[in-house]
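Scroll down for the structure; my scribbles are underneath it.
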Amino acid sequence: MKRTLSVLILALCIFLTSCKAEEEKTSLSFYAMDTIMSIDTYGENSESASLAKERVLSLEKLFSVTDENSELFALNESGSEELGKETLELIKYALDMSEKTDGALDPTIYPVLREWGFTVGEYKIPDSETLSALLKNVGTDKVHINENSVSLDSGVMLDLGAVAKGYASEECYKILKENNLSSALINLGGNIRLLGSRPDGNPWRIGVADPLSPSDNLGILSVTDCAVVTSGNYQRYFEENGKTYGHIIDPKTGFPADNDLLSVTVISDSGTLCDALSTALFVMGSEKAEQFWRDNKNFEAVFVLKDNTVHVTEEIYGSFSLENKDFELKIIQ
């Protein structure tokens, strides 16, 4: 009788704890940086989600490439501006990542991206003459920084799209943590930043989309307190004459990246790093991307290849479960 009563009490405690966690969940969705975003928090300081949202909106006003009132827009229009600290630091970060990735990530690619129509949704294949002319203005050596002033060579324009959402996710993370929350899921248009673990103490289960069927999960990552970002040309693309053209442009060719990769997922303790590397590694292709990981090892990754193999770095291997059995899982060492 006592044993039965103890079991019932334990079950009731678990049930009440679960209900309490669910009651304390706050979900906030909004549109910013050209995508739908959401912040799920667990705890009594639910108003901190609104503070995080306002932070994202304030950053959009700095980094937007299309908002006529943003600092970045002003720089692209005038070619020379004195910038605030955050915009300046993010430009420096993007330039540094461009150097580290041998140009696979390049913030000066914006005029090419715009010519393809990916910034406004009016897609077209640029003619070779136009593309050649635009590529002459691509390169980080055409960006000059003097204290808090940035100047661009004629025809050069910057886009921080490959790092801005990652940076914003880190800022949200800081706000939630400073408000004593211990469990939250920040999703800024697929840029995931996790605070702690799930309310029940278990790891978060983050789906890695199947690039061939994006509504389905290829696999599940079980992770805590980290950032997870996926890039792939299945996310935004158009088709013409039976060929698919994706939105991730190779700065060396001016054409959408086309190699043996379907998608790249990067996991680290920095959303900004994940955002930058997911794009750069996708442009590189699997061989160079995997070697980049070996040379740096400050992140983990899941590479989905066109030959139906999934290459997973060794530290994350045990935390990744493959859902689609048509793919073969391999470990990178």
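The values are calculated or read from the model by the stated rules, or taken from the named source; none is laboratory data. Just so it is clear, the model here is predicted, and its values are computed rather than measured. Cβ coordinates were reconstructed from backbone atoms using ideal geometry, including for glycine residues, and neighbour counts include every protein chain displayed.
Where the second residue is assigned to a strand (DSSP E or B) and hydroxyl-bearing (Ser, Thr, Tyr) and the first is assigned by TED's automatic domain parsing to the domain that holds Phe238 and farther than 14 Å from Glu287 by Cβ and lies in segment 248-265, which pairs have Cβ atoms under 6 Å and are six or more apart or on separate chains?
Hits for this filter: Pro256/Tyr245; Ser263/Thr230; Thr265/Thr230.
Being in contact with a strand residue (DSSP E or B) (Cβ under 8 Å, 6 or more places away or on another chain) and closer than 30 Å to Asp127 by Cβ narrows it down to one residue among Asp250, Asp225, Asp269, Asp275; which is it?
Among Asp250, Asp225, Asp269, Asp275, only Asp250 is in contact with a strand residue (DSSP E or B) (Cβ under 8 Å, 6 or more places away or on another chain) and closer than 30 Å to Asp127 by Cβ.
Among the residues of segment 307-322, is any in contact with a strand residue (DSSP E or B) (Cβ under 6 Å, 6 or more places away or on another chain), of a type in the set (A, V, I, L, M) and within 27 Å of Glu170 (Cα to Cα)?
yes
Does segment 18-29 contain any residue that is at pLDDT 90 or above and closer than 30 Å to Met157 by Cα?
Scanning segment 18-29 turns up no residue that is at pLDDT 90 or above and closer than 30 Å to Met157 by Cα.
List the number of the failed condition for Tyr245; all other conditions in (1) at negative phi; (2) in contact with a strand residue (DSSP E or B) (Cβ under 9 Å, 6 or more places away or on another chain); (3) at pLDDT 95 or above hold.
With (1) at negative phi; (2) in contact with a strand residue (DSSP E or B) (Cβ under 9 Å, 6 or more places away or on another chain); (3) at pLDDT 95 or above applied to Tyr245, the lone miss is (3).
With respect to Phe282, is the statement that it is touching a helix residue (DSSP H, G or I) at 6+ places or on another chain (Cβ under 7 Å) and of a type outside the set (A, V, I, L, M) true? Walk me through how you get there before you give the answer.
On the way: touching a helix residue (DSSP H, G or I) at 6+ places or on another chain (Cβ under 7 Å): no; of a type outside the set (A, V, I, L, M): yes.
The answer is no for Phe282.
Of all the strands (runs of 3 or more DSSP E) wholly in segment 244-333, which have at least 2 residues that are among the hydrophobic types (A, V, I, L, M, F, W, C) and more than 21 Å from the chain's Cα centre (by Cα)?
Those strands (runs of 3 or more DSSP E) span 328-332.
Identify all residues within segment 300-321 that are of a type in the set (D, E, K, R) and closer than 13 Å to Ser263 by Cβ; write none if there are none.
Of everything in segment 300-321, just one residue is of a type in the set (D, E, K, R) and closer than 13 Å to Ser263 by Cβ, namely Lys306.
What residue, of Gly139, Gly103, Gly121, is within 16 Å of Thr279 (Cα to Cα) and under 25 Å from the mean Cα position of the chain (by Cα)? Walk me through how you get there before you give the answer.
Details: Gly139 fails: within 16 Å of Thr279 (Cα to Cα); Gly121 fails: within 16 Å of Thr279 (Cα to Cα).
Sole residue among the options that is within 16 Å of Thr279 (Cα to Cα) and under 25 Å from the mean Cα position of the chain (by Cα): Gly103.
Look at segment 135-170 and say how many of its residues are surrounded by fewer than 19 Cβ atoms within 10 Å (Cβ to Cβ) and either of a type outside the set (Gly, Ala, Ser) or without any contact (Cβ under 8 Å) to a residue 24 or more places away in the chain (or both). Reasoning before the result, please.
Applying the first criterion (surrounded by fewer than 19 Cβ atoms within 10 Å (Cβ to Cβ)) to segment 135-170 yields 135-137, 139, 141-142, 144-149, 151, 153-155.
From what is left, the residues that are either of a type outside the set (Gly, Ala, Ser) or without any contact (Cβ under 8 Å) to a residue 24 or more places away in the chain (or both) are 135-137, 141-142, 144-148, 153.
So the count comes out to 11.
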